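S.K.: I have a structure I would like to understand better, so I am pasting it below and will then ask my questions one at a time.
The values are calculated or read from the model by the stated rules, or taken from the named source; none is laboratory data. Note that this is a predicted model, so its numbers are computed, not measured. Counting neighbours? That spans all protein chains shown, and the Cβs are built from the backbone with ideal geometry, glycine included.
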Ligand code: COA
């Protein structure tokens, strides 16, 4: 046998944290389970924990039958005799089981002894799986007479809640056995990924180790604070927990010891000294009351306060580059497929995107450049993998070139006379393109911008627009050369036309992110203010200098600036014509984020991709409610809000959003 169909009776050996959870998962799925451990006390406590966990699932309506009927499928087995030898009960269980899953202590000799025993008593060709996270499957298998039956089945903690299982092929594991375990994993409602070679740490722990070690080195070298790293991890990368928050939560000892075990087996890493120091000082995180953060008392978890405004103080690319390099290594060495690697980090670590998806998003070129820097700063493990450098030389750089690890469909650049439109599904970039004139806005540019917005409005592939400038300016304003000899009436008409463009932007049906790459002056700033969100490079300068030319802003500046920053600050800027730095503009409320110039493009893209996943109709409704509400009074605004709120309940996106929440999956909004 060895087919998943034939598995009815499962023997789980080890009833600790993982073992009892694994037993529970199989019992819920309808399997009969022997749960074995060394004494009655451990088994009783395991059974209590399973019952408690089942009752929680039942409360949430996630159990199809009663707690008792699930419990009735689990039989506790004492596995050893008082003299330490394996018991007859274990032998009997082994002889009835169709599959064994070992989840005992992470010691090779203990595991080998158990496998030897089960091998001797098994009824025939049964699957013998180990839940080890750090020991070689091949060495565990070596003591059995049929190493082809031995396989890794690595669950994540806690097994009833974590959907991922890494299925690891030892050197001699048969393909049938791997396939059966994959099938079984699906039958128990889990999502398997296949690890084709028994490498230390498999997929998830290798990638996590790179990520944590990099984060730790940044702090150890004084490049960033714990809070800056964690804020960036949570709020820029969108991971569920900061790197140090996670280390504290799971235990610094856990990560330290996994890293040590992996390193002993050949995983090359320059260990960050902080983890070792903290391990030795027994400051292990939540469980000891102190780690990178402080807790009220040992074991009492209070989520650390991580300020959002520190997000981006560290370049997110620095934090993920090592993880991407590791993933590239896994892929180029045939350890796992790209899809499985991405699935593993999403399900095992809760990253909102796969590691390759992130790499594509941030650009393979910037990952490689960052790796070269980290290699110098930290160690040789950051040497960029050949796969990545090849991608750079081939120009497959990710989302921005339409192809990276994945294909991004529609990618095309259309050059108009004053701007470039780059379609990078689901984003359209509009790049003001008169760099020699600092993207000064002439009538052609106004017309082309307006037409382009109309075209993109009709394009269902585009969910978000990013507006930026080429060269050193976003735009230095209306083209002053066009003002020579113009009559008052012509000036008024020009102003009106320009205002129409800004109104079109303000009430546009898709979000417009403005990436202010340099000067945003006069009409340039007026365009920027008509977008929905402004991200500025640190080097950008903003202002309304018209007064110096003898006139006033004519494309909404006198109206939108006070609405954004208040009337007196607006008057100050307009009266003096002075420029403000991006940082000061942020303080005034004129821009929403400020980032180093080399990161502007990435940050704008990340935000755009985030918005592109939101329901388009709800985004539009939110935009209209905010914009129109601010222009009327609160009664009218609230009335509009409730009408739009109601209207959204006629959309398929609401059905999708609510069902995805209930089914614990990511929604896919269609804008219908
Ligand atoms: N209209 C037309 N041309 C403009 C322009 C504008 N608003 N802003 C800049 N340019 C042109 C410059 O004339 C220059 O062209 P040239 O090389 O043919 O002489 C080119 O862009 C580069 O500008 P330059 O002034 O050399 O760059 P700089 O770095 O020295 O100075 C600014 C940058 C932004 C401070 C300066 O260009 C400036 O003050 N521009 C006008 C800003 C303004 O008043 N805007 C409101 C218009 S309503």
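S.K.: So, in region 363-399, of the ones that are touching a strand residue (DSSP E or B) at 6+ places or on another chain (Cβ under 7 Å) and assigned to a helix (DSSP H, G or I), which residue ends up modelled with the lowest pLDDT? Even if it seems obvious, please write down each step before you answer.
M.R.: Here is the first cut: in region 363-399, the residues touching a strand residue (DSSP E or B) at 6+ places or on another chain (Cβ under 7 Å) are 363-364, 396, 399.
With the extra rule that they be assigned to a helix (DSSP H, G or I), the set shrinks to 364, 399.
Values: 364: 97, 399: 85.
Across region 363-399, the extreme among qualifying residues is 399.
S.K.: Would you call residue 186 touching a helix residue (DSSP H, G or I) at 6+ places or on another chain (Cβ under 8 Å) and surrounded by fewer than 24 Cβ atoms within 10 Å (Cβ to Cβ)?
M.R.: no
S.K.: If you don't mind, another one. Quickly run through region 433-445 and pick out the residues that are assigned to a helix (DSSP H, G or I), in contact with a strand residue (DSSP E or B) (Cβ under 9 Å, 6 or more places away or on another chain) and more than 12 Å from the ligand (Cβ to nearest atom).
M.R.: Passing the criteria: none in range.
S.K.: (1) surrounded by fewer than 22 Cβ atoms within 10 Å (Cβ to Cβ); (2) in contact with a helix residue (DSSP H, G or I) (Cβ under 6 Å, 6 or more places away or on another chain): which one isn't true of residue 533, the others all being true?
M.R.: Looking at each condition in turn, residue 533 falls short on (2).
S.K.: Pick from 424, 457: which is in contact with a strand residue (DSSP E or B) (Cβ under 8 Å, 6 or more places away or on another chain), touching a residue at least 12 places away in the same chain (Cβ under 8 Å) and either more than 17 Å from residue 531 (Cβ to Cβ) or surrounded by fewer than 17 Cβ atoms within 10 Å (Cβ to Cβ) (or both)?
M.R.: Just one listed residue meets the conditions, 424.
S.K.: Right, next: Within region 320-368, how many residues are under 12 Å from residue 202 (Cα atoms) and under 11 Å from the mean Cα position of the chain (by Cα)?
M.R.: Result for region 320-368: 1.
S.K.: Quick one: in region 306-334, which of the residues that are in contact with a helix residue (DSSP H, G or I) (Cβ under 9 Å, 6 or more places away or on another chain) and part of a loop (DSSP other than H, G, I, E, B) is modelled with the lowest pLDDT?
M.R.: First pass over region 306-334, keeping only residues in contact with a helix residue (DSSP H, G or I) (Cβ under 9 Å, 6 or more places away or on another chain): 306-332.
Now drop any that are not part of a loop (DSSP other than H, G, I, E, B), which leaves 306-307, 311-315.
Values: 306: 94, 307: 93, 311: 87, 312: 84, 313: 89, 314: 93, 315: 92.
Selected residue: 312.
S.K.: Please verify whether region 424-432 includes one or more residues that are assigned to a helix (DSSP H, G or I) and either more than 35 Å from the chain's Cα centre (by Cα) or more than 16 Å from the ligand (Cβ to nearest atom) (or both).
M.R.: no
S.K.: Still on this structure: Is it true that some residue in region 375-386 is surrounded by fewer than 20 Cβ atoms within 10 Å (Cβ to Cβ) and closer than 30 Å to residue 476 by Cβ?
M.R.: No, region 375-386 contains no residue that is surrounded by fewer than 20 Cβ atoms within 10 Å (Cβ to Cβ) and closer than 30 Å to residue 476 by Cβ.
S.K.: Could you tell me whether any residue of region 589-599 is surrounded by fewer than 20 Cβ atoms within 10 Å (Cβ to Cβ), within 30 Å of residue 399 (Cα to Cα) and at pLDDT 95 or above?
M.R.: Yes, region 589-599 contains at least one residue that is surrounded by fewer than 20 Cβ atoms within 10 Å (Cβ to Cβ), within 30 Å of residue 399 (Cα to Cα) and at pLDDT 95 or above.
S.K.: Under the condition of being outside any helix (DSSP H, G or I) and more than 30 Å from the chain's Cα centre (by Cα), which residue from region 614-646 is surrounded by the fewest Cβ atoms within 10 Å (Cβ to Cβ)?
M.R.: Within region 614-646, the subset outside any helix (DSSP H, G or I) is 614-615, 632-633.
Pick out the ones that are also more than 30 Å from the chain's Cα centre (by Cα) and you get 632-633.
On the way: 632: 12, 633: 10.
The selected residue is 633.
S.K.: Based on what the data block shows, is residue 483 at pLDDT below 95 and over 22 Å from residue 511 (Cα atoms)? Walk me through how you get there before you give the answer.
M.R.: On the way: at pLDDT below 95: yes; over 22 Å from residue 511 (Cα atoms): yes.
Yes: the conditions hold for residue 483.
S.K.: Which condition number in (1) out of contact with any strand residue (DSSP E or B) (no Cβ under 8 Å at 6 or more places or on another chain); (2) at pLDDT below 95; (3) in a helix (DSSP H, G or I) is the one that residue 409 fails?
M.R.: So residue 409 meets the others, but not (3).
S.K.: Quick one: which strands (runs of 3 or more DSSP E) lie wholly within region 470-575 and hold at least 2 residues that are under 26 Å from residue 451 (Cβ atoms), within 12 Å of the ligand (Cβ to nearest atom) and in contact (Cβ under 8 Å) with a residue 24 or more places away in the chain? Walk me through how you get there before you give the answer.
M.R.: Details: elements: 473-475, 512-516, 519-521, 533-537, 541-543.
Counting at least 2 such residues, we get 473-475, 519-521.
S.K.: Is it the case that region 543-558 has a residue that's closer than 25 Å to residue 237 by Cβ, in contact with a strand residue (DSSP E or B) (Cβ under 8 Å, 6 or more places away or on another chain) and surrounded by 15 or more Cβ atoms within 10 Å (Cβ to Cβ)?
M.R.: No, every residue in region 543-558 fails to be closer than 25 Å to residue 237 by Cβ, in contact with a strand residue (DSSP E or B) (Cβ under 8 Å, 6 or more places away or on another chain) and surrounded by 15 or more Cβ atoms within 10 Å (Cβ to Cβ).
S.K.: Scan the helices (runs of 4 or more DSSP H) fully inside region 183-284 and keep the ones with 3 or more residues being closer than 27 Å to residue 607 by Cβ.
M.R.: Per the criteria, 204-220, 226-231, 243-250.
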